[in-house]
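Undergrad: Here it is, the structure in full.
The values are calculated or read from the model by the stated rules, or taken from the named source; none is laboratory data. In this text the structure is predicted, and so the values were computed from the model without any measurement. Cβ placement follows ideal geometry from the backbone for every residue including glycine, while neighbour counts extend to all protein chains displayed. SASA here: full protein model, heavy atoms, side chains in, ligands and nucleic acids out. Shrake-Rupley method; radii C 1.70, N 1.55, O 1.52, S 1.80 Å.
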Amino acid sequence: MEAVLDIVAGTGVILFLLAVAFIERTGGRLLTVATVAAIAYAVHPIAVRQSLPAFIGALDGVDLQTLAAVLTLDGVLGCAGATLLLGARAAGYLHGPSGTRHGLVLHRLRRLAAHHVGVIPVPALFYLEMKAFDASQWSFSTTALALCLAIVVAGLAGSEAIRRLLPDRDLRAELRLLVHAAQVMLAAGLTAFALQGAVDRTAAALEGGPHAVVAGTAALGIGIGYWSHRRRLRRVAE
């Protein structure tokens, strides 16, 4: 179970780095990761009081289904936001808001789509904070300071690496699309895991069906959106 939670937390970290990478100014990126580090330091007394083995052992089917529901919601909304961002850029709305009210609304929607990554990064960072305190042999205060420094360094270095490896904002948006799609697939897997052995086969199939439908629909929509986006890019290049 811990390995599955690590993968879920990994998607949250990637989305956090992608959100920071979309911030153009270095000062803005530094302020963002410093704010996250400060929040992590503020909540570290709560993380200290948590026992990681007890936390993982206490997870039941309801908890896992709740996590699966959050992953599904985050994934579907994230896919929609990334697709909106890609569609706006492919259509040529790339140069800020126009003088009309409609243009201003479109500009704000594009900015929201660029920076919105859902709520998964929040519990993901708290879960990793719990793991850090569980594995550390240092004092709590030293571990907290080291963790905050690691958040700042990893946030700046990771976002800068993404910006250098994927200089095109479209490529970064496509990576977001893939990560959000992975969240939906993870949600389907978590649902199946939560239902395993807890109920009979018929009930499991009935409850797992909606998640499978959502995952399939999201995958189909991503495929169609990606193909349409590539087709528009080819037309622009011609």
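Undergrad: Per residue of region 78-84, in order, report the coupling 6.51 cos²θ - 1.76 cosθ + 1.60 (Karplus, θ = phi - 60°) as ³J(HN,Hα) in whole Hz, putting x for Gly and Pro.
TA: Values per residue, Gly and Pro as x: x, 4, 5, x, 5, 5, 4 Hz.
Undergrad: Taking the Cβ of L175 as the center, what net charge do the other residues with Cβ under 11 Å away carry, scoring Lys and Arg +1 and Asp and Glu -1?
TA: Around L175, the charge tally is 0.
Undergrad: If you take every residue apart from P123 with its C-beta less than 15 Å away from the C-beta of P123, what net charge results, scoring Lys and Arg +1 and Asp and Glu -1?
TA: -4
Undergrad: Can you pull the percent of region 112-164's accessible area that's carbon plus sulfur, 1.4 Å probe, other chains left in place?
TA: The C+S portion of the solvent-accessible surface of region 112-164 is 73 percent.
Undergrad: Any idea what log10 I(q)/I(0) is at q = 0.31 Å⁻¹ for region 23-76, Debye with uniform C-alpha scatterers and no solvent?
TA: Here log10 of I(q) over I(0) equals -0.99.
Undergrad: Something else: Describe numerically, in nm with one decimal, the distance between label points set 7 Å from Cα along Cα→Cβ at A146 and at E24.
TA: Placing both labels 7 Å along Cα→Cβ, they lie 4.0 nm apart.
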